[in-house]
Structures are given as structure tokens and as C-alpha cells.
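A.B. asks: My structure is below; once you've seen it, I'll send some questions.
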Amino acid sequence: MKSAADRLRLTAAALAIPLMLGCGTAQMALAQAVSGPAADYPMVLGAPFAVGGVTYTPADTMNYDAVGYAVPDAEGGGGISGAHRTLPLPSYVEVTSLDTGRTILVRLERRGPMEGDGLVALSPGAIAQLGLSGPHSPVRVRRVNPPEGERALLRTGQQAPARMDTPPGLLTALKRKLGILPPAEPKPELLAAALAGKQPPAPVPTPTPPAPAPKPVVRNTTPMPAPRPPAPLAPMPAAKPAAQAPAPKAAAAPRPAPKAPAKAEPKPAPKAEHQATASAHSTAYVVQVGAFSTRANAEKAAREVGGTVAPAGKFFRVRIAAGSQDEAKAALGKAKRAGYADAQIQRAP
């Protein structure tokens, strides 16, 4: 039989096993908490500080997005880390090279740079992954919230996968924002001067072309189709003088005593014929100014050119009478100066 001492030792051993298991579980949970998302907390801001006479106040800016220059930082070694003056520590940013468009994920762990005009200081490992070739390279820094897998890689000194390259159009806009390109689309010589850091050539003033002469105002008229010219009037034959009847032969009888000669009736003066001919030729020509759909517009045009209005079907025709070709030409010039460019000379009907 087992003694009382043996039974006591077995009982103590059974009670110790759960205690040991509980301690191991607690240690494992603590290790997982430290290596998980809790390793990025608490974030530290710190008090304001001055660099080169400029005071910087750290702030938790969620939508931070700025352009500037990246400078080297000896700290961090081969890890992908960096230093910033105002963003929380730690925090994560995407850094884009404005020369190549390459973008990487960087963990900010330090305050800096503490001299110069750099926007961010990158560790040698970050500079190598980004492919920067100079000590003062233009970059874009944008704060992001990456997944925990990428955070864990950077915390252990490894590289997170590179982002998609920034397209050339966006790179051009970012360079203009930084001031290394002119604000507008430059000419080739201006772009070359800007990239070389030289003063662009002064623009040559372009002479201002003279203002074009004003065009004559042409009134919008709807002229009727020109009627066919009438056949030329045949000249009226001149009236023949009345033929005098031959005097009857005297009879063989002795002549009577001569009577006093009767007064001869005066011949009618050819005034009527001359007046008729002049009237017929006084309006030998007309100037067709235009045809209008309303009488009011036709009368207005007639007042402007000194013509007359005559109905023609559904339209009202405006004409200027002329007694000769010279008068017709003068009336035509007056109509065109008044703005009726479609006016034309016609023979009077």
C-alpha cells in the first residue's frame, strides 16, 4: 500500500500541471499581442521643435499628402524606415520618386530631418528599394493605412511589395506642384531650361494682328424671281400730215369773181405726240430693290430708297423708277448703299 506521503506527492503534482499550462498560455498570448497590431501603439507625437528657424508641430494628419525632397538617413540600416517632422511615430507612408514613378511603403520611426529643407529622411534600405540616385531627390509622401501583413514585414526590417508605378501625367502634375516644372505646358526650350535648372529664355512678344475691317451689313430680303424683260416697244410712227384734197377743176364757164380766201386752219402742234413719247420713255428703267412678305417692311424699304410699293401676288415689290440708264445706275447705287445688295436694274414693263 502507498503511504500517506506518496499520496500527498501525487496530489501536489496533479495540481501543479494546470498551473504550468496556464502560465505558458499567458506568455504565448503576451508574445502574440506584442508582435501584432499592438506593436504600432501607442503612437507618439511629441512637443513642437524648430529646424532652421521654422517651428514644426507634430499632428495626427490622416490625409497627409505632400511633395518635397528625400534626404539620406544613416539610421535604420537595411530596414525600410524613415524620419518625418510632424507625422505620428510610428506611421506608414507611400514614398514616390518623381523621377521614375516608383512607389514603396515606408515605416516612419524617427523625427527628422533635423537640418536642410528635406521633407523626409530615408534609411539606406529605403533609398535602395526606391532607386534614388542622388542625396536630394524629389518625392511625394502620402500617409496610408496598410494591412497588418505589410506592417509586420516593415517592423522586422523586411521590404513590403512595391506599389504600382505612378503614371507620367500625374508625375508631371506633381513636379509642377513642387515647382521643378513651369505651371503651364512649356515649349521644348522652356522644359529643357527647367530640367537643367537654368533661367528660361525671355518670350518673344507676338505682334497683334490688325482688327479685320467691318463687313457691310446685308439686309435679309427675299427677292422675287426677276421677271423676263419685256419686248422692246416699237417706236410709234409719226403722224402724217393730212393730205389736202385736190382742188376741183374749174368749169369751162367763166370764172366767178374771186372771193376772199378763207383763213387756213392752223395745224395742230405735235406737243401731244412729244409728251406721249416722253412719258413712254420717262420710266424706261426700274431698279428692283426687293420683294417683301409684309407691306410694312416694303414701305419701310421704299422710304429708305425713295421707291414705290406694288403688290405682286403674296408679296410686295419695291421699285425705283428711272428715266435713263444713268438714273437707273444712280438709283441702284443708292439701294445697295442702303443695304439691299440684291437690287438690280430692269427694263420698265
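The values are calculated or read from the model by the stated rules, or taken from the named source; none is laboratory data. Note that this is a predicted model, so its numbers are computed, not measured. In this analysis, Cβ positions are derived from the backbone assuming ideal geometry, glycine residues included, and neighbour counts consider all displayed protein chains. Just the protein is used for accessible areas: all its heavy atoms, side chains included, with ligands, DNA and RNA removed. Shrake-Rupley method; radii C 1.70, N 1.55, O 1.52, S 1.80 Å.
A.B. asks: Looking at the range 309-333 only, could you name the residues that are under 18 Å from TYR285 (Cα atoms) and in contact with a helix residue (DSSP H, G or I) (Cβ under 6 Å, 6 or more places away or on another chain)?
C.D. replies: Across the range 309-333, the qualifying residues are VAL309, VAL318, ILE320, ALA322, GLY323.
A.B. asks: Further question on the same structure: Looking only at the range 87-117, count how many residues are within 19 Å of ALA50 (Cβ to Cβ), open to solvent by 10 Å² or more (accessible area, probe 1.4 Å) and touching a Phe, Trp or Tyr at 6+ places or on another chain (Cβ under 8 Å). Steps first, please.
C.D. replies: Filtering the range 87-117 down to residues within 19 Å of ALA50 (Cβ to Cβ) leaves 87, 89, 110-117.
Within this subset, residues satisfying the condition of being open to solvent by 10 Å² or more (accessible area, probe 1.4 Å) are 89, 110-111, 113-117.
Among the residues that remain, those that are also touching a Phe, Trp or Tyr at 6+ places or on another chain (Cβ under 8 Å) are: 111, 117.
Final tally of qualifying residues: 2.
A.B. asks: Can you tell me which residues in the range 42-74 are closer than 16 Å to GLN129 by Cβ and part of a loop (DSSP other than H, G, I, E, B)?
C.D. replies: ASP73
A.B. asks: Also, I was wondering about something else. Within the range 75-98, work out how many residues are part of a strand (DSSP E or B) and either in contact with an Asp or Glu (Cβ under 7 Å, 6 or more places away or on another chain) or free of Cβ contacts under 8 Å to residues at least 40 places away in the same chain (or both). If you could, list the steps in order and put the result at the bottom.
C.D. replies: So the first thing to find is which residues in the range 75-98 are part of a strand (DSSP E or B), and the list is 81-84, 89, 91-97.
Pick out the ones that are also either in contact with an Asp or Glu (Cβ under 7 Å, 6 or more places away or on another chain) or free of Cβ contacts under 8 Å to residues at least 40 places away in the same chain (or both) and you get 81-83, 89.
Total meeting the criteria: 4.
A.B. asks: Right, here's the next one. Please go through the range 297-332 and pick out each residue that is open to solvent by 40 Å² or more (accessible area, probe 1.4 Å), of a type outside the set (Lys, Arg) and part of a helix (DSSP H, G or I).
C.D. replies: Within the range 297-332, ASN297, GLU299, GLU304, GLN325, ASP326, GLU327, ALA330 qualify.
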